[in-house]
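Trainee: Structure below; questions to follow.
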Amino acid sequence: MDYNAAFEAAIDAVRKEGRYRVFANLKRHRGAFPRATWQREDGSERDVTVWCSNDYLGQGQNPVVIEAMHRAIDEAGSGSGGTRNISGTTWYHNELEAELADLHHKEAALVFSSGYVANEATLTTLYKILPGLIIFSDALNHASMIAGIRNGGGARHVFRHNDLAHLEELLAAAPVNAPKLIAFESVYSMDGDIADIAGTIALAKKYNALTYIDEVHAVGLYGERGAGVAERDGVMDQIDIIEGTLGKAFGMMGGYIAGKAAMCDAIRLWASGFIFTTSLPPAVMAGAAASVRWLKAHNERRIAHQERAQTLMRRFRELGIPVLPSVSHIVPVLVGNPVHCKMISDMLLNDFNIYVQPINYPTVPKGTERLRFTPSPDHDDDMMDELVKAMDKLWSHCNVARMPAVA
């Protein structure tokens, strides 16, 4: 067999669909977010404005966070030295888990190497700990949640996205005495819609199910202290397991779960994705703890963030640019074709020094390709003017459908 030919054929199949992904080679500059330097394939460089970063609040540039990381390197060196079980649990890991437990008003928290691993490892392991478990999963849950549920090998049902009537049908049909868990997200990052958390909790109580909420696109961004949409809605205390990330609003890397102490301890003891992974470096843990702590006290960043997102959505809609019906900080603009989506993205970068990555299948369903904008508090009015003017020009140039303008 010609193995290399098989790899090349797989790449060609993606190219033919118009969804071959090219990474932009960016160098961020501390203190200048969202500006960055883009190095092109010919080696030349150009300054660009980044409009698609998940570092939603610019915490990767926060001097408090950077100082905490420097201090940890000076105190403890670089790596952690092993898995959490074998010399890889440091004061910095314990400090961060305490900060996260406090953030969510839970008994405990457990840190993983990424948000993906936190979801996959926890959901897989729950099947081991709860024999006969049935998981009810929202149709648009993240790939990491889907992987964890599938890998667990137990019973599972998928309910239509944000459709609580369908969820109740499935819950009512399940065996009364079987353990159950409802897995869903708060903010769905591709469409920008938000789950009915209170309604989901009510169903969980009615049918004696646990609740598992992925708040990765909400922690740091919603609630008085940044604990997420569940905090904002006043129902955080009724969620059994909260999963979050350190790699988005907190500007670091890693993932975590928070909940009852016994639950976190059981996952710690049973989850292969936790047990057999080298723990994150002390500097990362120290920076994350500093970021979580700082954002608890700075709600003004969240307020400014929401204003920027709502302003960009309004300005796009005034021009008839088709923003999907987001009710969050995500500003998704529908293109509906992978070739056109990449074309507009490339032209924004090459002609206007604006970087936004095209979002194509398998991240979103075919036919719903989009540009996903994530304005931050640091995107000023001049940057927004540049973007809106460029989008207006390209929408006409590329003959992409508009919606009726909304004043």
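The values are calculated or read from the model by the stated rules, or taken from the named source; none is laboratory data. Because the structure is predicted, anything quoted here is derived from the model rather than measured. Ideal geometry is used to build each Cβ from the backbone, glycine not excepted, and the neighbour counts take in all protein chains shown. Areas reflect the complete protein model, heavy atoms only, side chains present, ligands, DNA and RNA absent. Shrake-Rupley method; radii C 1.70, N 1.55, O 1.52, S 1.80 Å.
Trainee: Amide H neighbours of residue 136 under 5 Å, counting only residues 5+ apart in sequence or on other chains, H built in-plane at 1.01 Å?
Mentor: Those qualifying (amide H under 5 Å, at least 5 residues apart or on another chain) are 157, 181, 182, 183.
Trainee: Another question, if that's okay. Mean shadow of segment 239-297, computed from the convex hull of its alpha carbons, in nm²? Walk me through the intermediate numbers first.
Mentor: Values: hull surface 18.7 nm².
Reported value for the Cα convex hull: 4.7 nm².
Trainee: Report, ordered by chain and residue number, the lysines lying within cross-link reach of residue 342, taken as a straight Cα distance under 21 Å and ignoring same-chain residues fewer than 8 apart.
Mentor: Cα-Cα hits under 21 Å: 16, 366, 389, 393.
Trainee: Run the accessible area of segment 97-170 with a 1.4 Å probe and give the carbon-and-sulfur part as a rounded percent. Write out the running numbers ahead of the final one.
Mentor: Numbers: 1610 of 2940 Å².
Carbon and sulfur together cover 55 percent of it.
Trainee: Using the Cα centre of the chain as origin and beta-carbon charges of +1 (Lys, Arg) and -1 (Asp, Glu), tell me which of 203, 374, 155 is placed farthest towards the positive end of the dipole.
Mentor: Of 203, 374, 155, it is 155.
Trainee: Using helices alone, I'd like the mean residue ellipticity at 222 nm for the chain: each DSSP H run of four-plus residues gives -39500 (n - 2.57), total over residue count, nearest 500. Don't skip to the answer; put the middle values down first.
Mentor: On the way: 14 runs with 171 residues, N = 407.
Value at 222 nm, helices only, nearest 500: -13000 deg cm²/dmol.
Trainee: What is the set of long-range amide H partners of residue 228 at a cut-off below 5 Å, with H atoms built 1.01 Å from backbone N?
Mentor: 220, 221, 222, 223
Trainee: Next question. Under 13 Å Cα to Cα from residue 206, which aspartates and glutamates show up? Leave out anything in the same chain fewer than 8 places away.
Mentor: 168, 169
Trainee: Residue by residue through segment 267-278, which ³J(HN,Hα) values in whole Hz follow from phi under the Karplus form 6.51 cos²θ - 1.76 cosθ + 1.60 (θ = phi - 60°), with glycine and proline marked x?
Mentor: For segment 267-278, the Karplus-derived couplings read 5, 4, 7, 10, 7, 4, x, 9, 5, 9, 10, 4 Hz, x marking Gly and Pro.
Trainee: Report which label in [x] 20.4; [y] 17.9; [z] 22.2 holds the value of mean projected area of the Cα convex hull in nm² derived from the coordinates of this structure.
Mentor: Computed from these coordinates, mean projected area of the Cα convex hull in nm² corresponds to label [z].
Trainee: What is segment 223-271 by shape, rounded, prolate or oblate, if you read a ≥ b ≥ c off the alpha carbon gyration tensor as root eigenvalues and call it rounded for a/c under 1.5, prolate for a/b larger than b/c, and oblate otherwise?
Mentor: Values: a/c = 3.54, a/b = 1.23, b/c = 2.88.
Oblate is the answer for segment 223-271, as a/c is 1.5 or above yet b/c matches or exceeds a/b.
Trainee: How would segment 113-168 be classified by its alpha-carbon gyration tensor: rounded, prolate or oblate, with rounded meaning a/c under 1.5 and the a/b versus b/c comparison settling the rest? Each step should come with its number before you reach the end.
Mentor: Working: a/c = 2.66, a/b = 1.30, b/c = 2.04.
The shape class here is oblate.
Trainee: Apply the Karplus curve 6.51 cos²θ - 1.76 cosθ + 1.60, θ = phi - 60°, to the phi angles in segment 76-89 and return the couplings in whole Hz, x for Gly and Pro.
Mentor: Computed from phi, the couplings for segment 76-89 are 10, x, 8, x, 7, x, x, 6, 4, 6, 10, 6, x, 9 Hz.
Trainee: Compare the peptides 370-380, 118-128, 256-266 by average per-residue count of other Cβ atoms within 10 angstrom and give them in order, highest first.
Mentor: Numbers: 370-380: 21.5, 118-128: 25.7, 256-266: 19.5.
Order by mean packing, descending: 118-128, 370-380, 256-266.
Trainee: If packing is taken as the average number of other Cβ atoms within 10 Å across a peptide's residues, how do 29-36, 106-113 rank, most packed first?
Mentor: On the way: 29-36: 15.8, 106-113: 21.5.
The most tightly packed comes first, giving 106-113, 29-36.
Trainee: Further question on the same structure: If you line up the long axis of helix 143-152 against the longest principal axis of the chain, both from Cα atoms, how many degrees apart are they, to the nearest 10?
Mentor: Value to nearest ten degrees: 30.
Trainee: How do 334-340, 21-27 rank on mean C-beta neighbours within 10 Å, highest first? Provide the component values of the computation, followed by the final result.
Mentor: Numbers: 334-340: 18.3, 21-27: 11.0.
For the peptides 334-340, 21-27, the packing ranking is 334-340, 21-27.
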